[in-house]
Every structure is written in C-alpha cells, then in structure tokens.
Amino acid sequence: MNKISKILILLAPLLLFAPPAKAYQDHGVEKVRFHSYLTYTRVVLEVSGEVSYIIRDLTNPPRLLINLYPAKLTSLERKIDIRDRFVQRLRLSQDSEHVTRVVLDLMNSEYTYDIFSLKSPHRLVIEVKSPREDPIADLLKPREFPYSSSESVSEENLRVYKVILDPGHGGEDPGAIGSTGLKEKEVSLAVALEVANLLKDEAGIDVYLTRTDDRFIPLDQRTEMANQWGGDLFVSIHANAAFNRKASGIETFFNSRYLYGEGAAEVAARENAPLGDDDVSGEVKAILWDLMQDRYRDESNELSHFVQRKLYQATYLEDRGVKSAGFYVLRGAAMPAILVEIGFISNPWEEQKLRKEEFRKKIALGIFRGIKDYLESYNERLSR
Ligand SMILES: [Zn+2]
C-alpha cells in the first residue's frame, strides 16, 4: 500500500465522522465502468464534479472500501457483478447524507491497488492487480488484452483473437539438423503453416505468421512483428536437439528469468544462439523485455499447459512437460507467449516421424487444439 493511502486511512475516522462544517454541494456518481485485463481490473467511477475519497482495504472477506464525498448516488445499479481475476463484484450505497460508498468485493486477499482521479470528465479510477507484478513493469505501458466491460458485454462474442505463429529459424539459420539431414527450420515452417490452416477456418480467430517461407528473421523482430499486429497470443514452433541421441519427446516453454524443468537451460541456450552475442543490445533492453513478458507469465504458463496436453494427446510422443527459461524470442512479446518443441530432430526415430506429412499434421492438430482450448477457457474465465 502506498503512503498516501496509509495517511488517508489514519485520517479516515476523523473525516468520516466529523460533521460537515458547511453545506456541501453533492456531486452525483453518474456512471460505473469496469474493464478486465489479464493483469489487472480497472474500475472507473464517473462523477459530476470533483470529489474527495478515502480508501480502506478490509479483510475477511477481502474487499476495498471507498468513500466518496461530497457525493450522492443517482439511479445507478447498486450491485454490479464483475467476476474476473481480481474483483468479484462492485456494490454502491449511500453511506450518509454526503458520502457515497463503493465496495469492491475481491476474489482473493493477494492483491495490490492504485487509485487516482482524473478530470474532464471527473472520474475516480481504481486498479486492482496482483502483488507479484514487478513495480518497474508499471513503467511499461500495458497493452490491453481481450477484455469484458460493462459497456461491451454484448459484443464479447464478436471479439476476434489474433494468434501469431512463429516458425523457428529460417534462411541462413537452419536450427537443429538431424542425422539424415532434416532441418529444424523446414519442420517448424511446415507445422506452423498447417496450424495456420486449421486456425483460419475458426470463427473469432485471425492468424498471422512471422514467416511463410525460408527466410532469416532475427529473434527480436519476431515479437516486434507480433506486437505491431496487436497479437493476443504468440506461439513459436521448434524442434528439439540434444547431445544424447536417445533424448525424445515434446515440451513447451514459457519465458521466465528463472529456469524450471530438466534441460531447460540447454534448450534456451540453443534457441537463443541465432541472436549472436553482437545482437544483444544491452542488458537494459533485455530486462525491459523480460518485464514485458512477465506481465503475461501466468497466462503464458496456462497456454503452455493447454498446448502441451493437446500435443501429447495428438502425438503420444514422450511428455516432457511444461518448463520455463529465458528465451529471447519470447521476451519482448506483449501477450502470452510460448515456445513449443515438437520432438527431437537429433533422435533418429523422431527425425523420421518429423519428416512425414501425416505426423506433422498430427502435431499441428495438437497445437491447434491447445490454442483453441486455451482461448475457450480464457473466455469462460472472463464471463464467469
Ligand atoms: Zn529452434
């Protein structure tokens, strides 16, 4: 909690219980809006003039109480269900003659918040977010992800999700090469094109590819393209390689500054190699990129699990699970982003499978179903 709200809380009893010294000109609370984003919920209270406020956070159950004064309730709904990641519902009441009370019933006690007022029109904005967000991340402008709001609930079904597919490697960068010469760049492109083929027939999904032919695209440009397109999901497709030719199976990664999962460091090192040491334009950029993707870490993790599960069910290759590591290609994505390793090209048996069109189609179907299921579950969580 910030200092100002602590001071306000200390002052609260005085302000609340001291009778007004002069006649107040009450301002009407005229409109309530909310927006559900992936990493925070924003509630906007529109008022007819400048009001002061006191905010308190209460426990059991967790809720935020905001008293506005001098303020009067107009004919607004007194209870608004929000039911997103952070806020359960919003309640409005006239606490006393000049005090309007707003209560935000929260989903859980792990949260932090910001409150600030804006002018023309006068409004009070409350943002409830996860305490795990790095404060520095607030410096980076959040991109607005699929949202529901009190104004656009009816349009929610019309929301089109932009899925960005990123076939790994290409051009002068072949990626991993199998013992019979199969190149990772070739398999990743074939599978990505097939996933795109499946996605383009889905209502409510637009699909974009970072490359559709055999060309080199630097790692940082891939997420830059995705951000420019306003992507909602970023899926980078790769084939694995290991010194041990027996290593086999599928695994899905999301970006994290912390390594998680066996062999995650090796995969990250290999996939980051095309960037080359000369291309890393300073630690600061790398840190900012990490923070950018940190905002979406929970959703990236979620997406990873959907894709990994469906990929396994489609291929029955060894399930190596969901892992995390620092991937340059995912870092700068302002959206949930994952990297899928669709089998080991260094494993002769899997290399042969990866050559076959029929098997590539199975892989594509798995990735496609994972993406679709994730988006469905995301929509469900929004409308719960
Ligand atoms: Zn790769």
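The values are calculated or read from the model by the stated rules, or taken from the named source; none is laboratory data. Keep in mind that this is a model prediction, so the values were computed, not measured. In this analysis, Cβ positions are derived from the backbone assuming ideal geometry, glycine residues included, and neighbour counts consider all displayed protein chains. Heads up: the accessible areas ignore ligands, DNA and RNA and are worked out on the full protein's heavy atoms, side chains in. Shrake-Rupley method; radii C 1.70, N 1.55, O 1.52, S 1.80 Å.
If only one of Ile367, Ile345, Ile338, Ile363 is over 25 Å from Asn301 (Cβ atoms) and in contact with a helix residue (DSSP H, G or I) (Cβ under 9 Å, 6 or more places away or on another chain), which one is it? Explain how you work it out, then say what you get.
Numbers: Ile367 fails: over 25 Å from Asn301 (Cβ atoms); Ile338 fails: over 25 Å from Asn301 (Cβ atoms); Ile363 fails: over 25 Å from Asn301 (Cβ atoms).
Among Ile367, Ile345, Ile338, Ile363, only Ile345 is over 25 Å from Asn301 (Cβ atoms) and in contact with a helix residue (DSSP H, G or I) (Cβ under 9 Å, 6 or more places away or on another chain).
Listed here are the residues, each with its yes/no results for (1) among the acidic types (Asp, Glu); (2) touching a strand residue (DSSP E or B) at 6+ places or on another chain (Cβ under 8 Å); (3) at pLDDT 85 or above.
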site	(1), (2), (3)
Thr210	no, yes, yes
Ser236	no, yes, yes
Gly249	no, yes, yes
Ser256	no, yes, no
Trp289	no, no, no
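Applying the selection to the stretch 158-175, what residues are open to solvent by 10 Å² or more (accessible area, probe 1.4 Å) and small (Gly, Ala, Ser)?
Gly171, Gly175
Which one of the conditions (1) at pLDDT below 95; (2) open to solvent by less than 10 Å² (accessible area, probe 1.4 Å); (3) assigned to a strand (DSSP E or B) does Glu271 fail to meet, given that it meets all the rest?
(3)
Suppose we keep only residues that are part of a loop (DSSP other than H, G, I, E, B) and over 17 Å from the mean Cα position of the chain (by Cα) within the stretch 327-348. Which one would you say is farthest from the ligand (Cβ to nearest atom)? Can you show your working first?
Taking the stretch 327-348 as the starting set, the residues that turn out to be part of a loop (DSSP other than H, G, I, E, B) are 327, 332-336, 345-347.
Now restrict to residues that are over 17 Å from the mean Cα position of the chain (by Cα): 345-347.
On the way: Ile345: 9, Ser346: 12, Asn347: 15 Å.
Here the residue is Asn347.
Output yes when any residue across the stretch 41-61 is of a type in the set (A, V, I, L, M, F, W, C), part of a strand (DSSP E or B), open to solvent by 20 Å² or more (accessible area, probe 1.4 Å) and under 30 Å from Asp232 (Cβ atoms), and no when none is.
No, the stretch 41-61 has no match at all.
If Lys353 satisfies every condition in (1) more than 21 Å from Ala242 (Cβ to Cβ); (2) among the charged types (D, E, K, R); (3) touching a Gly at 6+ places or on another chain (Cβ under 8 Å) but one, which is the exception?
Unmet for Lys353, out of (1) more than 21 Å from Ala242 (Cβ to Cβ); (2) among the charged types (D, E, K, R); (3) touching a Gly at 6+ places or on another chain (Cβ under 8 Å): (1).
Among the residues of the stretch 185-243, write down those that are β-branched (Val, Ile, Thr), more than 25 Å from the chain's Cα centre (by Cα) and within 16 Å of the ligand (Cβ to nearest atom).
Step one: filter the stretch 185-243 for residues β-branched (Val, Ile, Thr), giving 187, 191, 195, 205, 207, 210, 212, 217, 223, 235, 237.
Now narrow it down to the ones that are more than 25 Å from the chain's Cα centre (by Cα): 187, 212.
Val187, the sole residue that qualifies.
Across the stretch 195-231, what is the number of residues that are in contact with a Leu (Cβ under 8 Å, 6 or more places away or on another chain) and among the charged types (D, E, K, R)?
Here the count works out to 4.
Assess whether Glu77 counts as being in contact with a Leu (Cβ under 8 Å, 6 or more places away or on another chain) and open to solvent by 80 Å² or more (accessible area, probe 1.4 Å).
Yes: the conditions hold for Glu77.
Which residue is modelled with the lowest pLDDT, if the candidates are limited to the stretch 353-383 and must be crowded, with 21+ Cβ neighbours inside 10 Å and among the hydrophobic types (A, V, I, L, M, F, W, C)?
Going through the qualifying residues, I end up with Leu375.
Among the residues in the stretch 222-229, are any of a type outside the set (Gly, Ala, Ser) and crowded, with 22+ Cβ neighbours inside 10 Å?
There is at least one residue in the stretch 222-229 that is of a type outside the set (Gly, Ala, Ser) and crowded, with 22+ Cβ neighbours inside 10 Å.
Would you pick out the residues in the stretch 152-178 that are away from the ligand (no atom under 16 Å from the Cβ) and at pLDDT 95 or above?
Of everything in the stretch 152-178, those that are away from the ligand (no atom under 16 Å from the Cβ) and at pLDDT 95 or above turn out to be Val163, Ile164.
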